[in-house]
Amino acid sequence: MNDFSSRLNELILALGIKKTILAEKLNVSQAFVSQMCKGVSNPSDRTISDICRLFNVSELWLREGQGEMFLPIDQNQQLEEVLVKMKME
């Protein structure tokens, strides 16, 4: 396992999602997500960018482990997250 895969696993835990959900959101196979989590496959720059955009993750944290995992969000984003979570329940 490499540093990126460790951070990806940490992110999945923090989000409280399964690898299959991450794969669906990124439009990649679940096998590829598993390979990234094990350090077997490396993501493209676009995949890293998509992870950061979709989950509000700091690219510096995901790539290098520096700073906070998540980017700061404003009140509108917080409200949107709450509404999305309510729909999922």
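The values are calculated or read from the model by the stated rules, or taken from the named source; none is laboratory data. The shown structure was predicted, so the numbers you read here are calculated from the model rather than taken from an experiment. Cβ: placed from backbone, ideal geometry, glycine included. Neighbour counts: every protein chain shown. Ligands, DNA and RNA are excluded from the accessible area calculation, which covers all protein heavy atoms including side chains. Shrake-Rupley method; radii C 1.70, N 1.55, O 1.52, S 1.80 Å.
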Practice problem: Please note which helices (runs of 4 or more DSSP H) are completely contained in segment 1-45 and include at least 2 residues that are under 12 Å from PHE55 (Cβ atoms). | Solution: 3-15, 19-26
Quiz prompt | Some residue of segment 50-65 being polar (S, T, N, Q) and open to solvent by 50 Å² or more (accessible area, probe 1.4 Å) | solution = no
Quiz item: If we scan segment 34-45, do we find a residue that is open to solvent by 50 Å² or more (accessible area, probe 1.4 Å) and hydrophobic (A, V, I, L, M, F, W, C)?
Solution: yes
Self-check item: Selected residue (criterion: modelled with the highest pLDDT) from residues of segment 66-88 that are part of a loop (DSSP other than H, G, I, E, B), over 17 Å from LEU13 (Cβ atoms) and open to solvent by less than 90 Å² (accessible area, probe 1.4 Å)
Solution: GLY67
